[in-house]
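Worksheet: one structure, shown below.
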Amino acid sequence: MSASWAAVLAVGAGTVALKAVGPVGVSGRRLPARVTELLEVVAPAILAALVVTETFASGRGLALDARLAGVAAGIVAVLLRAPLWLVVISGALATAFVRLVS
């Protein structure tokens, strides 16, 4: 087994253990309202950070390329209340078009 697979398995086991400790540690007690509010906004914030990082980062630098057009097209589609499949397709088409002409 390579070191990479060992790391993947270790992180997976740690994740399962951490998820198991949560309910056991709380054991029927309710979390404070402020903690619950913070937990509700963590996932969208992490997702937004991931999207921004993957869109604008290239190694350690800033990259403004075709990906930006795709995200912009997706944002416009969301603002127009398009269904999810159309948001994805519009982003992909915008990215492909910019890559085609550049």
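The values are calculated or read from the model by the stated rules, or taken from the named source; none is laboratory data. Nothing here was measured: the structure is a model prediction, and the numbers come from that model. In this analysis, Cβ positions are derived from the backbone assuming ideal geometry, glycine residues included, and neighbour counts consider all displayed protein chains. When the accessible area is computed, the model is the full protein with side chains, heavy atoms only, and any ligands, DNA or RNA have been set aside. Shrake-Rupley method; radii C 1.70, N 1.55, O 1.52, S 1.80 Å.
Which pairs turn up if I take residues in region 76-102 that are farther than 17 Å from Val51 by Cβ and look for partners that are part of a helix (DSSP H, G or I) and open to solvent by 90 Å² or more (accessible area, probe 1.4 Å) with beta carbon separation below 7 Å, at least 6 apart in sequence or on another chain?
none
Within the set of pairs 6+ apart or on separate chains, which have a first residue in region 45-64 that is at pLDDT 80 or above, a second that is among the charged types (D, E, K, R), and C-beta atoms under 6 Å apart?
Correct list of pairs: Thr55/Arg67.
Under the condition of being within 25 Å of Val35 (Cα to Cα) and among the small types (Gly, Ala, Ser), which residue from region 1-24 is modelled with the highest pLDDT?
Gly14
How about region 14-27: which of its residues are aliphatic (A, V, I, L, M) and under 22 Å from the mean Cα position of the chain (by Cα)?
Passing the criteria: Val16, Leu18.
For region 72-86, which positions are part of a helix (DSSP H, G or I) and either over 19 Å from Phe56 (Cβ atoms) or of a type in the set (S, T, N, Q) (or both)?
Selection gives Ala77, Leu79, Leu84, Trp85, Leu86.
Give all pairs with beta carbons closer than 6 Å in which a residue from region 1-21 that is in a helix (DSSP H, G or I) meets a residue that is among the acidic types (Asp, Glu) and open to solvent by 80 Å² or more (accessible area, probe 1.4 Å); count only pairs at least 6 apart in sequence or on separate chains.
Between residues of region 1-21 that are in a helix (DSSP H, G or I) and residues that are among the acidic types (Asp, Glu) and open to solvent by 80 Å² or more (accessible area, probe 1.4 Å), there is no close pair.
Which of (1) exposed (fewer than 10 other Cβ atoms within 10 Å of the Cβ); (2) modelled with pLDDT of 90 or more; (3) at negative phi; (4) not hydroxyl-bearing (Ser, Thr, Tyr) does Arg81 not meet, given it meets every other one?
Evaluating Arg81 over (1) exposed (fewer than 10 other Cβ atoms within 10 Å of the Cβ); (2) modelled with pLDDT of 90 or more; (3) at negative phi; (4) not hydroxyl-bearing (Ser, Thr, Tyr) leaves (3) as the failure.
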